[in-house]
Amino acid sequence: MRKMLLALAVIFLSFSAEADEGMWLLKELNQQSIARMQEMGFTFPIDKVYDEVNPSLKDGVVIFGGGCTGVVVSEKGLIFTNHHCGYGAIQKLSSLERDILKDGYAAADMDSELASDGLAVSFLRSTEDVTDRIMSQISSDLSEIQRQQAIDSISDVLTEQYEDDQFAQARVVPFYGGNQYYMVVYDVFRDVRLVVAPPSSVGKFGGDTDNWMWPRHTGDFSAFRVYADKNNRPATYNEDNVPYTPKHVVPVSLAGYKENDYAMTIGFPGTTKRYLSSWGIQRMVDSENKPRIEVRGAKQEIWRKAMNQSDAVR
């Protein structure tokens, strides 16, 4: 299961140009990590980072689509995300007559924004540690398969209250090698419209390889807008919907940055392997990654040939 819980990844840049780094769940920031952040230049009010009652920074960072991160940058629901995150939606809106994926797109006004069928943006509503509620019901004599089945069953019970709400999503996700479990609840907005997409020559410059390599020289961005009903609640697409008024807007600075400035990112990392043992890493490299690369390479070669032969297929 992908671990989609809002996390804070911080790289502290000190005057000695040495980097100190770490990753924390926003709700689990402790006094030690907060003090270290402030020592290195963090000035944002800490109570404005994560708050489930009052507007906070967590309300300005979203899950875009199936697993990317986006950020809310305007009072009218404008979302910035990566071009590769919006790629599927942009491709779906493209045709041979209007190849948005290739040529790019910029809406002249809100009426020109393009509804992206099937695309959703999720705002984190709450995070609850349910470790004790799960582990107290797990017997120590279960096999690993039985243990996971029991955890899945308990998780289903915990989240069933949200099953009939198409604008809410709840799931229980494991952390720290299955030693801690959180139930996370999201508000899901299903009317999302394309505002800006650069041409692929800019947004996908360097291809997928460069997406994981640094430094990059890619204009890997796109902009979408979230729409809500007239009461500012999540809704499916409707011509009467209006731009969503968010609880928190992340300001965009034009001041630039300078050497030794404090830097951090907030987002929804899909997974991490940082707690694996050396044996686990070796198994992942040899038994998982290698065959996966071989199979995907063969599939991509078939797709590439078909795409090169026909723009309609591409």
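Rule-based calculations on the coordinates, nothing more; no lab input. All of these numbers come straight from a predicted model, not from anything done at the bench. Glycine also receives a Cβ, built like all others from the backbone with ideal geometry; neighbour counts cover every protein chain displayed.
Can you give the net charge of the other residues whose Cβ lies under 15 Å from the Cβ of P251, counting K and R as +1 and D and E as -1? Walk me through the numbers before you get to the answer.
Numbers: positive: K48, K76, K247; negative: D59, E75.
Its environment carries a net charge of +1.
Length available on full extension from E28 to E144: 0.36 nm per residue minus the Cα-Cα distance, which gives 39.0 nm.
Counting 0.36 nm for each residue step from F44 to D208 and taking away their Cα separation leaves a gain of 55.6 nm.
Using θ = phi - 60° in the Karplus curve 6.51 cos²θ - 1.76 cosθ + 1.60, the 3J(HN,Hα) couplings for the stretch 226-237 round to 8, 10, 10, 6, 5, 9, 6, 9, x, 7, 7, 4 Hz; x is entered for Gly and Pro.
When a/c is below 1.5 the answer is rounded, else prolate if a/b is larger than b/c, else oblate, so apply that to the stretch 237-299 with a ≥ b ≥ c taken from the square roots of the Cα gyration tensor eigenvalues. Display every interim value, and only then the final one.
Working: a/c = 2.91, a/b = 1.58, b/c = 1.84.
The shape class here is oblate.
The listed peptides 282-293, 235-246, ordered by packing as a protection proxy, come out as 235-246, 282-293 (highest mean of other Cβ atoms within 10 Å first).
Exposure proxy shown here: for L114, L254, the number of other Cβ atoms within 10 Å sets the order, fewest to most, as L254, L114. Were the residues from E288 through L276 laid out at 0.36 nm apart, the gain over their Cα-Cα distance would be 2.9 nm. With a Förster radius of 25 Å applied to the C-beta separation of S112 and K92, the computed FRET efficiency comes to 0.90.
Please give the calculated 222 nm ellipticity per residue for the chain, where each DSSP H segment of at least 4 residues contributes -39500 (n - 2.57) and the sum is spread over every residue; nearest 500 deg cm²/dmol? Please list the in-between numbers first.
On the way: 9 runs with 79 residues, N = 314.
Value at 222 nm, helices only: -7000 deg cm²/dmol.
May I ask for the net charge around E288, where only other residues with Cβ less than 15 Å from the Cβ of E288 are counted and Lys, Arg are +1 while Asp, Glu are -1?
Working: positive: K273, R283, K290, R292, R296; negative: D286, E294.
After counting each charged neighbour, the total is +3.
Taking the beta-carbon count within 10 Å as an exposure proxy, list W279, W24, W214, W303 from fewest neighbours to most.
Working: W279 8, W24 15, W214 5, W303 12.
Least to most surrounded, the residues fall as W214, W279, W303, W24.
Net charge near T218, counting Lys/Arg +1 and Asp/Glu -1 over other residues with Cβ under 13 Å of its Cβ? So the environment of T218 carries a net charge of -1. Which log10 I(q)/I(0) values, to two decimals, does the stretch 7-271 give at q = 0.07 Å⁻¹ under the Debye formula with one point per Cα? Each listed q corresponds, in turn, to -0.30. Residues L276, L124 in ascending order of nearby Cβ atoms (within 10 Å, fewest first): L276, L124. Note on the chain: with a GNM built from Cα contacts shorter than 10 Å, the maximum mean-square fluctuation among R125, R296, R193 falls on R296. Annotation: amide H-H contacts under 5 Å for R171 (H modelled 1.01 Å from N, sequence separation of 5 or more, or interchain): V184. Spatial offset of the stretch 62-96 relative to the stretch 200-217 amounts to 17 Å, using the alpha carbon center of each.
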